[in-house]
1. Can you give the longest run of chain B that contains no trypsin sites (Lys or Arg not before Pro) sitting in a DSSP loop with at most 11 other Cβ atoms inside 10 Å?
2. Compare the peptides A:213-219, B:34-40, A:247-253 by average per-residue count of other Cβ atoms within 10 angstrom and give them in order, highest first.
3. Using the scaling law 2.2 N^0.38 Å as the reference, what is the normalised Cα Rg of the protein assembly as shown?
4. With the cut-off at 1.5 for a/c, could you classify segment A:48-113 from its C-alpha gyration tensor as rounded, prolate or oblate?
5. Averaged across A:174-187, how many Cβ atoms of other chains sit within 10 Å of each residue's Cβ atom?
6. Which of the three applies to chain A, rounded, prolate or oblate, going by the alpha-carbon gyration tensor with a ≥ b ≥ c and a/c under 1.5 meaning rounded?
7. List the GluC sites (Glu not before Pro) within segment B:56-146 that fall in a DSSP loop (any state other than H, G, I, E or B) and whose Cβ has at most 11 other Cβ atoms within 10 Å.
8. Enumerate the aspartates and glutamates that B:Lys143 could reach by cross-link, defined here as Cα to Cα under 20 Å, with residues fewer than 8 away along the same chain left out.
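What follows draws every value from the coordinates through simple rules; no lab data is involved. For clarity, every value in this text was computed on a predicted model and none was experimentally measured. When we count neighbours, we look across all protein chains shown, and the Cβ atoms used for this are built from the backbone with ideal geometry, even at glycine.
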Amino acid sequence: MKKFAKYEEWFFKGLMYLSTLSIGLVLFVILFSVLYTGLPYLSWEMISSIPEGGYYYGKSGGILNAIIGSLYLSLGSTALAFIVGMPLAMFMNIHLVRNTKFVSGIRFILDLLWGVPSIVYGAFAFTIMIYFGLKTSLLAGIVTVSLFILPIVVRAIDEVLMTVPRGLFESALSLGSTKSEIAYRIMFKQCFPGIITAILLSFGRGIGDAASILFTTGYTDYIPTSLGEQTATLPLAIFFQLSSPIPEVRGRAYAASIILILIILIISLLSRYFTKRYEKNKINF
Amino acid sequence: MENPKIKIENLNLHFGNQHILKDVNLEIPKNKITVILGPSGCGKTTLLRTLNRLSELNTEAKIKGTIRIDGSDILNTNEDVTVIRKKMGLLAQRPYPLPMSIYNNVAYGLKISGRQKKKYLDKRIEHYLRQVNLWDEVKDRLKDPASALSIGQQQRLCLARGLAVDPQIILADEPTSALDPISSQMIEEKFVELSSNYTLVLVTHILRQARHIADHVVFMYLGEIVEQGSAKDFFENPQQERTKAYLQGQFY
Ligand SMILES: Nc1ncnc2c1ncn2[C@@H]1O[C@H](COP(=O)(O)OP(=O)(O)OP(=O)(O)O)[C@@H](O)[C@H]1O
Ligand SMILES: [Mg+2]
């Protein structure tokens, strides 16, 4: 019996090492292949200038238009989704505490929406735009992407809020707090690090998605100066360049991927830094 | 009893189809310590949480009857529930400090009541922290997060935080069960001190504690009030068989 327990322990330990290793390996292979193919094409010119004539045939220029466009798009849509999603998550966890059935209904719908592929959101937005005769624009992209990441924001924040112990919530109530005071003075503070993670998660999804913006943002070689203009984005820049027959251009697609990964890395590190500073007040129950 | 602070009449509480509080009639004297005793699961916590209207957060709860504070019903009223809750401080079984600094934990109640001036807050916070014997331990680190305190200190902080709301009643649900003997004794002594200005309702399993600080005792069993009376009568001359059995430690 004792011996069996020991083998069992070995087996599961081995399994854990194996899965950790395989995840690490996959990540490494992806990063390596992107870096290996893309690094030779990465240049200062690429991230500091917009495409010049013939850029897509291998001539000089850069993809600053797509970098800025993607940043506008994902920051805008994350902000929009957060502004709508945060109150909804708070509402579900604070105002509807007595209404558990209704809340689990909302959760179910959000989980369904989370699972809907982004191309469906793109197609939906496209239909609406045609119906109202709207042209592709940065704004249309922001709205579409925010619709697509809204369920992610809400459910991710919701999961964090659910970890707040009942006792803390009730202590706050017994001090005579109103529900909105609990939401913004207590739950928000207690969950701040988790909320940042939720925002990051949706930002990452937003900046990397190509399908939802394929029909909604259009594509241009210029940096957009208003919400009504079309805009380029990194995922589409990668997509267009990757389908080119010219090796030079395909290489640039990988370089653009590196830029995309770097942006996400920088945002993650920044938010880590800021959450650390606020985490000290969090109570660990 | 003359002018009871709290007067409970025909209080019944169901969770779903479970009858938890059965026809509770109770008077709680003003500015005294009332101790609620009873075996585990008899409804002490539920009764306490019904007093400050936390029970009703439970979807399943059905509550009937009246609870009067200074003569006015707090169950069947249009009065804002936050106003009612502010009349009572609740000290839970384990401390739940708010996710903010020690200073802001105590300032919280004052701030949500619209007191913002720093000078005023500083003075009051020192006052409340002194009142729970915490000031000397934390005066140099008021800006530190409350989570950095020990459990005993956190419980005293929670008491200070409750006092800062300026309640008339303090509800305490086994407030010393997570504490060491010294911290427990500190809380007990505080309660005795506070009872000259506040009405205290204390749930405890510790008979020694009850004998030590109770002015008035209530004994509950399976959701009913079996016996209540002054501490002297209750401990020296219990009337009911079940009370006697409980006091002799025959069931918990
Ligand atoms: N949220 C709830 N939903 C359903 N039943 C509950 C709930 N809370 C408590 N009860 C039931 O109500 C009864 C009284 O519980 P309560 O917590 O008031 O007991 P207690 O006297 O405080 O016990 P203890 O001394 O162990 O703390 C128990 O039978 C319990 O199972
Ligand atoms: Mg209890």
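1. B:1-116
2. Listed from highest to lowest mean packing, they are A:213-219, B:34-40, A:247-253.
3. The value comes to 1.29.
4. Verdict is prolate for segment A:48-113.
5. 6
6. In terms of gyration-tensor shape, oblate.
7. When the GluC sites (Glu not before Pro) of segment B:56-146 are filtered for loop state and at most 11 Cβ neighbours within 10 Å, B:Glu60, B:Glu79 remain.
8. Partners found: A:Glu279, B:Asp122, B:Glu126.
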